[in-house]
1. Within the set LYS234/LYS296; LYS257/LYS296; LYS214/LYS271; LYS172/LYS271; LYS105/LYS296; LYS214/LYS295, which residue pairs have Cα atoms separated by over 30 Å?
2. Take ASP71, ASP255 and order them by how many other Cβ atoms sit within 10 Å, fewest up front.
3. Could you go through segment 195-211 in sequence order and give the Karplus-derived ³J(HN,Hα) for each residue, using 6.51 cos²θ - 1.76 cosθ + 1.60 with θ = phi - 60°, rounded to whole Hz, and x for Gly and Pro?
4. Could you derive backbone 3J(HN,Hα) for segment 167-182 from the dihedral phi with the Karplus parameters 6.51, -1.76 and 1.60 (θ = phi - 60°), listing whole Hz in sequence and x where the residue is Gly or Pro?
5. List the aspartates and glutamates whose alpha-carbon lies under 14 Å from that of LYS182, not counting same-chain residues fewer than 8 positions away?
6. Can you list residues from other chains, or at least 5 along the same chain, whose modelled amide H is less than 5 Å from the amide H of GLY149?
7. Quote the relative contact order of segment 16-132 in percent (integer), defining contacts as alpha-carbon pairs under 8 Å separated by 6+ residues.
8. Against the longest principal axis of the chain, how steep is helix 241-258, in degrees 0 to 90 to the nearest 10, with axes from Cα atoms?
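Just so you know, all these numbers are worked out from the coordinates, no wet-lab data involved. Remember, it's a predicted structure, so these values are computed and weren't measured experimentally. Virtual Cβ from ideal backbone geometry, glycine too; neighbours counted across all protein chains shown.
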Amino acid sequence: MEIIFEELIIQFSTPLYLLLIGAEVFLSHAQHRVYYSWRDTFMNALLMMLNAGIDLSFRILYIGILAWFFDIRFLEPLENPYLYWFALFLAEDFIFYILHYVDHKSRLFWAIHVTHHSSEYFNLTTGFRSSVFQPLYRFVYFVPLVVLGFRPADIVLMYSITQIYGILVHTKYIDRLGWLEKVLVTPSHHRVHHASNIEYLDRNMGMCLIIWDKLFGTFQEELDEVELRFGLTKSLDDTSVENTVFHEWKEIVQDVKQQTTWKLRLGYLLKPPGWSHDGSRLTAEQLREAYLSQKKGSSESGGLL
């Protein structure tokens, strides 16, 4: 049954994506806004296909692993179908927040996730710029859900559904959405997430609900006075497929080679992107602290004058 529903989701979402992307391309061209580039759009599609290929190839194995954990579950599935699916949506959205948080806070996982952030454009096709190797470990985060009584196939189906929403928030054409900004991840929130401005780094990690970011201190609203800059804090000189996917791994290898202790090597692998043993580079939090301190100092100096 879940396979049939997933096929229906694909049949529904594909023409929806094509229609909306076509409209966004037309509008941006008509309004002379540089929101798209053919090379970047092709890269987005290629990364999506690589991700999907790995996911499909690996799916039987990871669903089998989840099924094993489901057999030793702690709880039985909720009998009320409405309550069951609503609880699954909330639980899976929270799990995605944790996954996304780790992807940003541990360099090992950032090396995989960084491909999604490497585009300097922000449009609907950016949502397809997948973290190519994420399917190899994403299922681990679903283990707590199956032991709590959620069926593996239902989890995969719910992820497919929420992915539709996660893709549609990649647009500049929708402004703030009033009271919905308090509950949902909106295009405004997600523009912040993709921006490389210091104020915006590692913010707004949610897929559908923004409440997790507000609860755990990773929320940042879009600021009118800060012009969004998309992409990485350091642009890629080589935008080939190979370098786009593996550039962070190459830098990790170089960092690990230069260090002499296992503790430092593990630090370059597991600590946040930008961490360095000698302070020669800064993490997102360190950059933010330095920026805010400098901003506060400038403000106080201005006040004294």
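1. On the way: LYS234/LYS296 25 Å; LYS257/LYS296 39 Å; LYS214/LYS271 24 Å; LYS172/LYS271 32 Å; LYS105/LYS296 26 Å; LYS214/LYS295 24 Å.
Result: LYS257/LYS296; LYS172/LYS271 exceed 30 Å.
2. Numbers: ASP71 9, ASP255 19.
Lowest to highest Cβ neighbour count: ASP71, ASP255.
3. Here the 3J(HN,Hα) series is 6, 9, 4, 4, 4, 10, 4, 6, 10, 6, 8, x, 8, 10, 10, 8, 4 Hz.
4. 6, 5, 7, 8, 7, 8, 8, 10, 7, 4, 10, x, 5, 5, 4, 6
5. ASP213, GLU221, GLU222
6. Residues meeting the criterion, in which the H sits 1.01 Å from N, are PHE74, LEU75.
7. Values: 69 pairs, mean separation 53.4, N = 117.
This gives 46 percent for segment 16-132.
8. 60 degrees
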